[in-house]
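J.: One structure, pasted below without further comment.
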Amino acid sequence: MLVRAIRGATTVDNNDSNEIIEETGNLLKEIIAKNNINEDDVISIVFSVTKDLNAAFPAVAARKMGWTDVALFCTNEMDVPGSLTKCIRVLIHINTELGKKDLKHVYLKGANILRPDLAE
């Protein structure tokens, strides 16, 4: 098996704990479904949020999904002037047989402008 990374992002409308956790959960579920990921395949997940989001740790969404044995880390995204606001990003490291070109990166809601070539 190889170690690969899958990217994803979404946005929220408000700096609200429930909204951050719910939208992060939606993003994780979409990435899992599109890439047929099993929990045992997940090595770690890095979550980042823009500076305007601090009501909740997005990693809580993974814990609520039962991922208690996965290494999770939350951090702040760089504050680049003019960049997308209220954005949650994930970087999931997995063990897989898939090639890089076979991975499905997921960009939801307002985050689809980050990578329009990958957004559906």
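J.: Only sites in a loop by DSSP and with at most 11 other Cβ atoms within 10 Å count here; which GluC sites (Glu not before Pro) in the range 1-108 make the cut? It would help to have the intermediate numbers written out before the result.
T.: Details: sites: E19, E22, E23, E30, E39, E77, E97; in loops: E77, E97.
Filter output for the range 1-108: E97.
J.: Report, in whole Å, the centroid distance computed from the Cα atoms of the range 1-79 and the range 87-113.
T.: Answer, in whole Å: 11.
J.: Continuing with this model, one more query. Take the Cα atoms of the chain, build their convex hull, and give its volume per residue in Å³.
T.: On the way: hull volume 11.6 nm³, N = 120.
Spread over its residues, the Cα hull of the chain gives 96 Å³ apiece.
J.: Report relative contact order for the range 2-120 in percent, whole number only (criteria: Cα-Cα under 8 Å, sequence separation at least 6). Intermediate results must be reported in sequence, preceding the final value.
T.: Values: 223 pairs, mean separation 50.4, N = 119.
Contact order relative to length: 42 percent.
J.: Evaluate the distance, in nm, between pseudo-label points positioned 7 Å from the Cα of V46 and of D16 along their respective Cα→Cβ axes.
T.: That separation, rounded to one decimal, is 3.1 nm.
J.: Could you give the nm distance between label points at K104 and D79, where each point is 7 Å from its Cα heading toward the beta carbon?
T.: 3.7 nm
No value in this document is a laboratory result; all are computed from the given coordinates. All values derive from a computational prediction rather than experimental measurement. Note: ideal-geometry Cβ built from the backbone for every residue, glycine included; neighbour counts use all protein chains shown.
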